[in-house]
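Colleague: Please find one structure pasted underneath; my questions will follow.
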Amino acid sequence: MADKVSDEYEYLYHYTDFKGLCGILDDKCLWATHFRFLNDESELQLFKEELKKYLEPIVREEYKKFIDQDPNAKTFLKNSNLNFDQMVQHETNMYAKLLCNSYGTNKNDGMDSPIYITSFSGESKTNETNQNEDGFLSMWRSYGRDGGFAIILNTTELERSFKKEVHDFSQGGVLGRAVYSHQHEVFQQEFSEGIEHIKNYVRDMIKSGIYNNEPEELPGTEDAFKAVISCMSRFKHQGFVEENEVRAVILRHDTTEGEQEIKEIHFRESDGYKIPYIKLFEDQRLPIAKIIVGPHKDKEKRAAFLITKLKGTGIEVTVSDIPYIG
């Protein structure tokens, strides 16, 4: 990852509805949702196709060396009914699937994946149309007539809390900005180091497989799989770019490891579904700086309620000036 999120954004915005806001304030925590229940049907799948572009040259190079050096390899290739290019394509697909499906992200894996995500929006750099004071209209629209709220958190403090959360309760995690599929320069900035870890690991896997020299665990395994999670969980379709998303991704562990506790899975109802989530930062203070009440016919009453509820906390309450009412 290129830099800390706080190097880019002083504040992050977490948008939610009235029920979600009350839950966050009462429980004093944020909710991270199982990735299968997010609003992007390509969630954690899109990166697999992008990864193949980087793995294909590695596969081609290593298998070409093998075929050139081993007289039996050409016979094996001929008997497989595949030409060299087809074989490279097949092996590239296999390695991409192996890496990207390793955390239960295959569509047939059901709820086995430990990946939970909570989302934020980064503040506007240009503050065009007072977006930082009024919130993003594109986000308010998603709440329609029910209205929404933007919880604004201090990024530096959130990073500290997230680091503790990962240490205490998870197999791992990442807090980083989303990279959209058309942002080629940003992709290199955010993912180049991780891609190198993955390429080196795949190269070692190919060599150990070809020469039947497979250790219990290859060097670089941990770095490679951390990179896969970091890249895969933050790579999104360009159609979502207006959300300017930053993600907190947690790998919930379901067995006791050392002094780590197990995060309980909770469920909330939405559109007839039971949606699984875990609570983040339960034992820490949420670094909330301000709450913006979104466009709604009763927005002033909502603001008055929050001012009363939050009295003495130091959290500022403001009302969006955008006249949208759904």
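Colleague: Test Lys97 against the stated conditions and say whether it is out of contact with any Asp or Glu (no Cβ under 6 Å at 6 or more places or on another chain), at pLDDT below 90 and either assigned to a helix (DSSP H, G or I) or over 25 Å from Glu49 (Cα atoms) (or both).
Modeller: Details: out of contact with any Asp or Glu (no Cβ under 6 Å at 6 or more places or on another chain): yes; at pLDDT below 90: no; either assigned to a helix (DSSP H, G or I) or over 25 Å from Glu49 (Cα atoms) (or both): yes.
No; evaluated as a whole, the condition is false for this residue.
Colleague: Sticking with this one: Could you tell me whether the range 3-21 includes any residue that is more than 30 Å from Glu159 (Cβ to Cβ), in contact (Cβ under 8 Å) with a residue 60 or more places away in the chain and either out of contact with any Phe, Trp or Tyr (no Cβ under 6 Å at 6 or more places or on another chain) or in the same structural domain as Arg203 (by TED's automatic domain parsing) (or both)? Before you say what the answer is, go through the steps one by one.
Modeller: Within the range 3-21, the first condition is being more than 30 Å from Glu159 (Cβ to Cβ), and the residues that meet it are none.
No - not one qualifying residue is present in the range 3-21.
Colleague: Go through Glu43, Glu123 for me and flag whichever is under 17 Å from the mean Cα position of the chain (by Cα) and either buried (at least 17 other Cβ atoms within 10 Å of the Cβ) or closer than 22 Å to Val228 by Cβ (or both).
Modeller: Result: Glu43 is the single residue among Glu43, Glu123 that is under 17 Å from the mean Cα position of the chain (by Cα) and either buried (at least 17 other Cβ atoms within 10 Å of the Cβ) or closer than 22 Å to Val228 by Cβ (or both).
Colleague: Kindly indicate which of Arg285, Arg268 is at pLDDT 85 or above and either under 19 Å from Ser121 (Cα atoms) or in a loop (DSSP other than H, G, I, E, B) (or both).
Modeller: Working: Arg268 fails: either under 19 Å from Ser121 (Cα atoms) or in a loop (DSSP other than H, G, I, E, B) (or both).
Within the list Arg285, Arg268, the selection yields Arg285.
Colleague: Can you name every residue in the range 109-163 that is closer than 24 Å to Glu300 by Cα and among the aliphatic types (A, V, I, L, M)?
Modeller: Across the range 109-163, the qualifying residues are Leu137, Met139, Ala150, Ile151, Ile152, Leu153.
Colleague: Okay, moving on. Test Tyr103 against the criterion of being at pLDDT below 95, part of a loop (DSSP other than H, G, I, E, B) and crowded, with 18+ Cβ neighbours inside 10 Å, and give yes or no. Steps first, please.
Modeller: On the way: at pLDDT below 95: yes; part of a loop (DSSP other than H, G, I, E, B): yes; crowded, with 18+ Cβ neighbours inside 10 Å: yes.
When the stated conditions are applied, Tyr103 passes them.
The values are calculated or read from the model by the stated rules, or taken from the named source; none is laboratory data. Here the structure is a predicted model, which means the values were calculated and not measured. In this analysis, Cβ positions are derived from the backbone assuming ideal geometry, glycine residues included, and neighbour counts consider all displayed protein chains.
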